[in-house]
1. Under 7 Å between Cβ atoms, which residue pairs at least 6 apart in sequence (or on different chains) link something in segment 74-85 that is free of Cβ contacts under 8 Å to residues at least 60 places away in the same chain with a partner that is of a type in the set (A, V, I, L, M, F, W, C)?
2. Scan segment 1-11 and tell me whether some residue there is aliphatic (A, V, I, L, M), in contact with a strand residue (DSSP E or B) (Cβ under 7 Å, 6 or more places away or on another chain), at pLDDT below 95 and not in a strand (DSSP E or B).
3. Can you tell me which of Ser106, Ser61, Ser40 is small (Gly, Ala, Ser), modelled with pLDDT of 95 or more and away from ligand 2 (no atom under 14 Å from the Cβ)?
4. Within segment 6-28, restricting attention to residues that are surrounded by fewer than 16 Cβ atoms within 10 Å (Cβ to Cβ) and within 17 Å of the chain's Cα centre (by Cα), which residue is nearest to Ser190 (Cα to Cα)?
5. Hey, among the residues in segment 37-46 that are crowded, with 18+ Cβ neighbours inside 10 Å and either more than 15 Å from the chain's Cα centre (by Cα) or among the acidic types (Asp, Glu) (or both), which one's nearest to ligand 1 (Cβ to nearest atom)?
6. Does segment 153-189 hold any residues that are over 19 Å from Leu101 (Cβ atoms), within 16 Å of ligand 1 (Cβ to nearest atom) and crowded, with 20+ Cβ neighbours inside 10 Å, and which are they?
7. Hey, can you tell me all the residues within segment 60-77 that are assigned to a helix (DSSP H, G or I) and surrounded by fewer than 18 Cβ atoms within 10 Å (Cβ to Cβ)?
8. Looking only at residues in segment 101-126 that are surrounded by 11 or more Cβ atoms within 10 Å (Cβ to Cβ) and basic (Lys, Arg), which one is nearest to Lys168 (Cα to Cα)?
Amino acid sequence: MSTLKIENLHVSVAGTLILKGVDLEINSGEIHALMGPNGSGKSTLAYALAGHPNYEVTEGSIELDGENVLEMEADERARHGLYLAFQYPVTIPGVKVADFLRHAVSNVRNPDRKEGTELISMREYRKELYEHLDALGVDRQFARRYLNEGFSGGEKKRMEIVQMAMLKPRFAILDETDSGLDTDAVNVVSEGVQRLSSANQMGVLIITHHERLLQYNIPSQTHVMLAGRIVETGDASLAHELHNLGYASVRERHPDAAAEEEARQKRETVASA
Ligand SMILES: Nc1ncnc2c1ncn2[C@@H]1O[C@H](COP(=O)(O)OP(=O)(O)OP(=O)(O)O)[C@@H](O)[C@H]1O
Ligand SMILES: [Mg+2]
C-alpha cells in the first residue's frame, strides 16, 4: 500500500501566503473529496503537489511512501506516480497528443529512461491509447491534434482523464475535472475514474464544487478548505450538505478562518481599485 502524506503545508504564491498549514493523508485505493469556496486554496494545493515552480513551499512536508516529494522536480513527481488533472488544462501548440503522451508514458513506465532513448513500442502504445480514447468517448482523430489546441472545455477535461488512464498514477488529483462537462460526459468521466481507481488501487483527490463526480466515486473522506486550511473533514454526506447548502454553516463553525477569508478579499478589492 502507498501513502501520500501532507503535513503542516504552507505555500506562498507571488509573495502571499495562501496555504497556512494543510494536513492530509491519502492511502492507495482511497477517494477523498476536497471542497471549499472560490479562492480558498484548493488549486494551490494541487499545484504545490505537482511541483509548479510558482508555488513556494515555505513550511511543512509532502511525502510519498516516506520519500520527500518536495525535493523532486515536477517530472520526477510524475515518475513517482503523481498525476494532476488541471482545472485549466494548458495548450501546447505544435505538440501532438499522441507524441506527447508516448513520451510521458515512456518516462513514467521506465523511470530511469534518458531523453533520446527508445520509447515504448508504437504498436502496443497505439492500441492502448485507442482503447482509452474509445472508453472516454474521444474521437481517435484527437491523437493527431495539437494538445488542447482548439479543444472545447469538455474535450480538454476528457483528455486529462485519457492521460491519467495511460499514465496509471498511484495518486491522482482531479482539479474540477467535472466543470465544463455536459451531463453525459460527467457520467463517462466518472465511470472512467471509477474503473481506473479500482483497477489500479489509485488514490484520488477529487477537487469539486459539485456532487456529480462523487456519485460514482464515493469519497471515504470529504475535506473542506477555508482560507488556506482544511477546517473540517467528514464523510460523503458532508459533500452532499455543502453542495446543497453552500458554505455559510462552515463559516459559522469556523469564525476565525471566515474572518481571514474576508480580510483577504478586502485587501484584494483595495489592491485592484
Ligand atoms: N499566481 C498568483 N498570483 C497571485 N495570487 C494567486 C496566484 N495564484 C493563486 N493566487 C491566489 O490564491 C488564492 C487561492 O487560489 P486557488 O486557485 O488555490 O483557489 P481555489 O480554491 O482553487 O478556487 P476556485 O474554486 O475558484 O478554483 C486566490 O485568492 C488566488 O487569487
Ligand atoms: Mg481552483
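The values are calculated or read from the model by the stated rules, or taken from the named source; none is laboratory data. No experiment lies behind these values; they were computed from the predicted model shown. Glycine gets a Cβ as well: all are built from the backbone with ideal geometry, and neighbour counts include every protein chain shown.
1. Ala74/Ala50; Arg77/Ala50; Arg77/Val69; Arg79/Val108
2. yes
3. Matching residue, one of Ser106, Ser61, Ser40: Ser61.
4. Among them, the one singled out is Asn27.
5. It comes out as Ser40.
6. Asp175, Glu176, Asp178, Leu181
7. Listed by number, the residues that qualify are Leu70, Glu71, Ala74, Asp75, Glu76.
8. Arg109
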